[in-house]
Amino acid sequence: MESQALMVILVPLLGSLLIPLAGWAGLRKATGPMAVLLIGCSHLLTWPLLGPALAGRTGESSIPLYRWIEFSTNIDALAVFMAFTASLIATLIAVYSLGYIEHTEHEPEYYFIVTLFVGAMMGLVFSRNLIFLYMFWEISALACWRLIGYFRDPEYVWKADKAFLITFGGAVFMLLGFALIFTQYGTFDISELRGKEIGTAALVLVMAGIFSKSATVPLHTWLPDAGVAPSTITSLLHAAILVKIGLYAFARLFCNGMVIAPEAQTWLLVLALLSAFVSASAALHETNIKRLLAYSTVSQIGYTFLGLMVFTHFGYIGALLYIMAHGFAKGGLFLCAGIIEHGTHTKDMTKMGGLFRKMPVTGVSYLICALSIAGIPPMAGFFSKYFVINGLVEGGRIAIATLAILTAVVTLLYMLKSFRMVFLGESRGEAHGEGSPVMVGVVAVLAVLTLASGFLLQLPYDLVKVADGQRLVNIVSLLWR
Amino acid sequence: MESYIGWILLVPPIAVLLMPWASRLGGWAANTLAIVAAGLPLVFTLRLIPALGGGLTYELFGAHFALDSVSLLFLVVVNAVAFACMVYATSYVAHLGGRGKFFALLLIMVFGLNAMLLTRDLFSLYLFLEVASIASYVLVAFGLEQDGIESAVKYLLLSAVATSLVLVGILLVYMTAGTLEFAALGAALAGTGGPVPGLLLLAAALFIAGFGLKAAVMPFHAWLPDAHPSAPAPISAMLSGVVIKVAGIYALVRIFFGILPEIGEVRTVFLILGTLSMIAGAVLAYFQSDFKRMLAYSSISQIGYILIGLGLGNLLGLVGALFHVFNHALFKSLLFLNSGAVQYRLGTRDIEQMGGLETRMPVTGATSVFGTLSIAGVPPFNGFWSKLFIIMGALAAGQTAIATLAILVSLFTLGYFLIIQRKVFFGHLNEKWRDIREAPAAMSLAVILLAAACLLTGVFFHSVTRGIVEPAAVILMGGN
């Protein structure tokens with residue numbers, strides 16, 4: 001189990017180094033398939049971990065390096081669940097890239113960084129040492145920097161720098177928070193920190209890192225700007241990897257680890273709710289399709305945080321399901337946006353319209369994904385949203401639950417608005433047909449996954465339930481201490 | 001094994017003597033000789049690492065030399081960077097002319113630095129410091145352009161002030177202790193107990209000012225932003241990467257950890273000067289539009305980190321400071337060599353005129369990303385670990401404010417290096433440079449070596465820290 005997890009990390013992380021070599025050797029054409037192969041391998045390697053994880057088994061391994069710095073891993077249901085969904089979505093996006101990124105100038109660099117990015121995510125998910133958590137965190141930030149600026153326009157590069165600086169800035173403060181935790185408890189090992197109460201200063205610093213990475217208001221501004229990246233990359237950032245890092249870190253550090261004081265918990269809940277509501281309102285006013293989707297992500301992230309921060313069964317289960325449901329749906333939406341952008345050469349929704357006849361598959365997929373985000377049954381998004389709200393009620397936060405439902409209504413509004421502007425009505429600009437078969441196929445697969453994860457909710461639910469159980473075990477052991 | 005020490009000292013001067021004949025044979029002979037003369041000391045130094053044990057001594061022509069972990073760490077830094085710069089210089093020097101002279105001067109500089117690290121008394125330290133400095137004044141002016149000569153004169157004058165301060169300091173120490181030999185000095189000055197004599201306090205102040213000037217610590221930094229940019233690129237790399245550390249930091253470390261008795265205020269002074277340099281260097285760097293000037297100011301900022309680590313007074317801080325010496329030498333010389341490659345091809349150092357060069361100069365572009373990420377402290381590159389140790393040391397010493405500032409400055413550092421990336425490499429190609437080619441092979445090889453070193457010392461940081469950094473820090477803390 002441990003060596004299996006190590007392979008999941010190392011295959012994309014080290015394998016990515018081969019891609020630029022292939023690029024230099026003149027094998028530009030091979031770099032795309034190589035990336036798909038490496039990311040796909042990493043995903044397939046998580047399959048054998050599902051069985052033990054479902055059975056509730058956990059594993060740990062550790063390689064001491066220097067003093068308190070050790071490369072240690074932690075394999076439990078939460079980690080396996082995250083690794084499985086993230087690598088699944090990343091694989092699909094990599095396949096889509098084959099059609100999308102072809103004939104651009106820096107193809108080998110693109111595939112190199114994407115693979116490295118996935119490797120960093122896998123490393124982060126399995127890390128048990130805070131220093132290594134931070135390290136993979138920063139690798140993902142620098143990957144994000146190169147990818148957002150991929151098209152190299154001065155404005156794009158500036159936005160890439162902005163994203164790098166905000167996430168790096170948040171992360172170095174988080175590192176300072178980790179260091180403060182170390183001065184208090186003398187360890188960087190997450191499992192040893194289990195049940196310890198975190199100080200206010202350290203909490204603020206760590207949350208600065210988490211909120212900057214997961215684009216929570218007011219540290220969210222880089223995420224809508226990151227829409228200048230290729231659509232595959234925005235999809236990767238929103239659905240599979242980047243913004244999920246903060247959520248995962250919160251789940252790992254606070255739901256499974258350190259204890260937050262109750263007053264701080266209320267503040268965090270209010271912040272998350274504010275983020276969800278404000279960005280949903282912002283999305284309502286956007287006419288740029290990628291910015292609309294980006295604000296929607298900020299809003300959904302706020303929702304997921306609500307589920308995590310309430311620290312109840314339903315909240316936690318709902319939040320984890322939310323990560324998966326949002327990953328499938330938002331990944332699908334951004335890839336749809338990529339096809340639309342290819343077809344219409346614009347991101348402005350006021351210049352689109354009537355695309356449904358020309359792009360039927362994309363249109364249907366978009367609708368399914370959008371309804372899932374808005375929380376319409378039987379899509380997976382409904383169940384996760386329901387669980388989160390239920391969790392809020394379970395935790396006695398009735399007011400917050402009410403406002404969360406209001407946010408869900410706004411979400412439905414802007415999702416339907418975007419669908420209407422893009423696909424219905426009269427055509428208001430040029431439009432070609434569907435994208436390439438590979439691209440449309442991937443979008444359809446994501447839509448099917450969105451539907452299937454709703455109908456077959458039992459499968460992810462079982463795994464998430466185990467994760468919830470492991471979280472509970474920790475708290476019980478805290479009570480006994 | 002001891003004889004290696006002799007060879008490290010002797011190989012460069014012998015090569016200097018042979019250089020006129022070699023240059024007469026042709027450029028290739030001079031190149032070969034220079035690379036061998038820079039490479040052999042590196043090989044010997046690396047071979048000495050496993051053999052060091054508790055320390056080695058060696059007698060050469062009646063002069064005593066000794067090697068301990070501290071010297072060894074700095075020797076590795078000097079010779080590794082010198083080797084890379086020498087490889088680079090074999091191509092770079094072509095447009096300057098005077099190949100043989102350039103190599104000879106660079107080798108004299110390396111000899112001076114190596115001897116400074118191996119010597120065992122204060123006066124020789126001063127003497128070899130002057131040997132290295134004189135070679136570097138000439139090298140700064142080697143391009144024979146107006147600004148090079150002007151800044152060489154400025155450098156010379158301020159260094160003369162520095163060394164006279166140091167000389168007076170040495171005199172005061174001699175008056176107090178009656179000897180200048182390190183071990184004897186340590187013994188003579190340690191036994192006194194009670195308050196530190198006034199003369200020694202004065203000497204300490206003079207040393208801090210003198211060597212602080214050499215290390216370009218704020219407020220003694222004025223010469224560096226002129227001298228480092230106008231020198232030829234391999235010399236800038238040597239000056240910023242190595243010379244300020246050996247001539248400044250190494251001397252400070254030797255004198256204040258082990259020779260002079262412990263003076264509590266010195267640590268505070270280190271912390272204050274270090275914080276000042278760290279912040280001001282970064283802020284000034286932010287506003288530069290000259291590629292090399294920006295790098296020069298950033299050196300001041302990074303020296304600040306090192307001083308902070310030294311001033312913290314715990315093992316972790318020292319490990320961080322010494323590791324940062326090592327790392328900064330690698331990434332700063334890498335960045336200077338990158339800037340040299342750009343200047344070599346474009347003929348300008350103004351970043352406003354560049355843009356998108358990575359498409360035309362992929363090696364320079366990619367390696368400069370390595371340098372940028374290292375200096376900003378982005379893991380897994382080497383700069384991250386040394387900064388982490390310094391910050392952890394600061395927290396362990398209760399200096400939360402300094403730790404916070406160090407974190408902020410590293411964010412700032414990333415900010416101004418991203419400006420370089422954005423304006424020089426990352427972006428659309430400026431049409432003016434459509435026909436630019438990658439730098440010559442030797443120059444590319446040198447930067448690839450340094451970039452690989454940055455990544456590898458980051459990934460295998462534990463081997464480097466355990467192998468050569470921690471032993472040195474332990475000696476400075478007073479253990480063996």
Search segment B:369-385 for residues being in contact (Cβ under 8 Å) with a residue 60 or more places away in the chain and either charged (D, E, K, R) or open to solvent by less than 10 Å² (accessible area, probe 1.4 Å) (or both), and hand back the single one that is nearest to the other protein chains (Cβ to nearest Cβ).
B:Pro379
Among the residues of segment B:386-400, is any more than 12 Å from chain A (Cβ to nearest Cβ), of a type in the set (Val, Ile, Thr) and open to solvent by less than 20 Å² (accessible area, probe 1.4 Å)?
no
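Taking the condition more than 23 Å from the chain's Cα centre (by Cα) and either within 8 Å of another protein chain (Cβ to nearest Cβ) or of a type in the set (S, T, N, Q) (or both), does B:Leu405 pass? Let's see the steps before the verdict.
Values: more than 23 Å from the chain's Cα centre (by Cα): yes; either within 8 Å of another protein chain (Cβ to nearest Cβ) or of a type in the set (S, T, N, Q) (or both): no.
So B:Leu405 fails the test.
Of all the helices (runs of 4 or more DSSP H) wholly in segment A:253-350, which have at least 1 residues that are among the acidic types (Asp, Glu)? Let's see the steps before the verdict.
Values: elements: A:262-285, A:289-309, A:313-344.
Correct list: A:262-285, A:313-344.
Could you tell me how many of the residues in segment B:329-360 are away from chain A (no Cβ under 14 Å) and buried (at least 24 other Cβ atoms within 10 Å of the Cβ)? I'd like the intermediate steps shown before the answer.
Restricting attention to segment B:329-360, the residues satisfying the condition of being away from chain A (no Cβ under 14 Å) are B:329-350, B:353.
With buried (at least 24 other Cβ atoms within 10 Å of the Cβ) added as a condition, the list becomes B:329-342.
Within segment B:329-360, residues that are away from chain A (no Cβ under 14 Å) and buried (at least 24 other Cβ atoms within 10 Å of the Cβ) number 14.
Yes or no, residue by residue, for (1) open to solvent by less than 50 Å² (accessible area, probe 1.4 Å); (2) closer than 21 Å to B:Phe384 by Cβ; (3) within 13 Å of chain A (Cβ to nearest Cβ):
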site: B:Leu411; (1), (2), (3): yes, yes, yes
site: B:Lys423; (1), (2), (3): no, no, yes
site: B:Asn430; (1), (2), (3): yes, no, yes
site: B:Trp433; (1), (2), (3): yes, no, no
site: B:Ala453; (1), (2), (3): yes, yes, no
Looking at segment B:408-429, is at least one residue touching a helix residue (DSSP H, G or I) at 6+ places or on another chain (Cβ under 7 Å), within 16 Å of B:Leu271 (Cβ to Cβ) and touching a residue at least 40 places away in the same chain (Cβ under 8 Å)?
yes
Go through segment A:150-170 and give me each residue that's closer than 22 Å to B:Leu411 by Cβ and either open to solvent by 50 Å² or more (accessible area, probe 1.4 Å) or touching an Asp or Glu at 6+ places or on another chain (Cβ under 8 Å) (or both).
A:Trp158, A:Lys159, A:Lys162, A:Ala163, A:Phe168
Of B:Leu337, B:Leu346, B:Leu357, the only residue that is at pLDDT 90 or above and more than 30 Å from B:Leu476 (Cα to Cα) is B:Leu337
Quick one: would you say A:Ala319 is under 19 Å from A:Leu205 (Cα atoms) and open to solvent by less than 10 Å² (accessible area, probe 1.4 Å)?
no
Candidate set from segment B:455-475 (those that are crowded, with 16+ Cβ neighbours inside 10 Å and hydroxyl-bearing (Ser, Thr, Tyr)); member that is nearest to the other protein chains (Cβ to nearest Cβ):
B:Thr465
Can you tell me which of (1) more than 15 Å from B:Tyr250 (Cβ to Cβ); (2) of a type outside the set (S, T, N, Q); (3) modelled with pLDDT of 90 or more is the one B:Tyr126 doesn't meet?
(1)
All conditions in (1) open to solvent by less than 10 Å² (accessible area, probe 1.4 Å); (2) away from chain A (no Cβ under 11 Å); (3) over 24 Å from A:Ala171 (Cα atoms) are true of B:Phe326 except (1)
Which numbered condition A:Gly246 fails, given (1) part of a helix (DSSP H, G or I); (2) within 25 Å of A:Tyr366 (Cα to Cα); (3) not β-branched (Val, Ile, Thr)
(2)
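Would you check if B:Pro13 is part of a helix (DSSP H, G or I), closer than 18 Å to B:Cys85 by Cα, open to solvent by 20 Å² or more (accessible area, probe 1.4 Å) and out of contact with any strand residue (DSSP E or B) (no Cβ under 6 Å at 6 or more places or on another chain)? I'd like the intermediate steps shown before the answer.
Values: part of a helix (DSSP H, G or I): yes; closer than 18 Å to B:Cys85 by Cα: yes; open to solvent by 20 Å² or more (accessible area, probe 1.4 Å): yes; out of contact with any strand residue (DSSP E or B) (no Cβ under 6 Å at 6 or more places or on another chain): yes.
So B:Pro13 passes the test.
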Condition first: out of contact with any Ser or Thr (no Cβ under 7 Å at 6 or more places or on another chain) and at the interface with chain A (Cβ under 8 Å from one of its Cβ atoms). Can you find one or more residues in segment B:435-447 that meet it?
no
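Look at B:Gly281 and say whether it is open to solvent by less than 10 Å² (accessible area, probe 1.4 Å) and over 16 Å from B:Tyr416 (Cβ atoms).
Numbers: open to solvent by less than 10 Å² (accessible area, probe 1.4 Å): yes; over 16 Å from B:Tyr416 (Cβ atoms): no.
Criteria not met by B:Gly281.
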Which of (1) in a helix (DSSP H, G or I); (2) open to solvent by 50 Å² or more (accessible area, probe 1.4 Å) is the odd one out, the single condition B:Gly478 does not satisfy?
(1)
Restricting the search to segment B:40-65, which residues are open to solvent by less than 10 Å² (accessible area, probe 1.4 Å) and either out of contact with any helix residue (DSSP H, G or I) (no Cβ under 8 Å at 6 or more places or on another chain) or without any contact (Cβ under 8 Å) to a residue 60 or more places away in the chain (or both)?
B:Thr45, B:Leu48
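Could you name every one of the helices (runs of 4 or more DSSP H) located completely within segment A:133-237 that has at least 1 residues being touching a residue at least 60 places away in the same chain (Cβ under 8 Å) and more than 12 Å from chain B (Cβ to nearest Cβ)?
The qualifying helices (runs of 4 or more DSSP H) are A:200-213, A:222-225, A:231-235.
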Determine whether segment B:129-136 contains at least one residue that is surrounded by fewer than 23 Cβ atoms within 10 Å (Cβ to Cβ), at pLDDT 90 or above and more than 17 Å from B:Leu9 (Cβ to Cβ).
yes
Of the residues A:Tyr96, A:Tyr66, A:Tyr111, which is farther than 25 Å from A:Ala467 by Cβ, open to solvent by less than 10 Å² (accessible area, probe 1.4 Å) and more than 24 Å from the chain's Cα centre (by Cα)?
A:Tyr66
Has segment A:295-311 got at least one residue that is among the hydrophobic types (A, V, I, L, M, F, W, C), closer than 15 Å to A:Met415 by Cα and open to solvent by less than 10 Å² (accessible area, probe 1.4 Å)?
yes
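For segment A:26-84, how many residues meet the condition of being among the aromatic types (Phe, Trp, Tyr) and within 22 Å of A:Gly257 (Cβ to Cβ)?
The first filter runs over segment A:26-84 and keeps only residues among the aromatic types (Phe, Trp, Tyr), leaving A:47, A:66, A:68, A:71, A:81, A:84.
Next cut, within 22 Å of A:Gly257 (Cβ to Cβ) only: A:68, A:71, A:81, A:84.
Qualifying residue count, segment A:26-84: 4.
The values are calculated or read from the model by the stated rules, or taken from the named source; none is laboratory data. On a predicted model such as this, the values are computed, not experimentally measured, just so you know. Here Cβ is always computed from backbone atoms with ideal geometry, including for glycine, and neighbour counts include all displayed protein chains. For accessibility, only protein heavy atoms count, side chains too; no ligands or nucleic acids. Shrake-Rupley method; radii C 1.70, N 1.55, O 1.52, S 1.80 Å.
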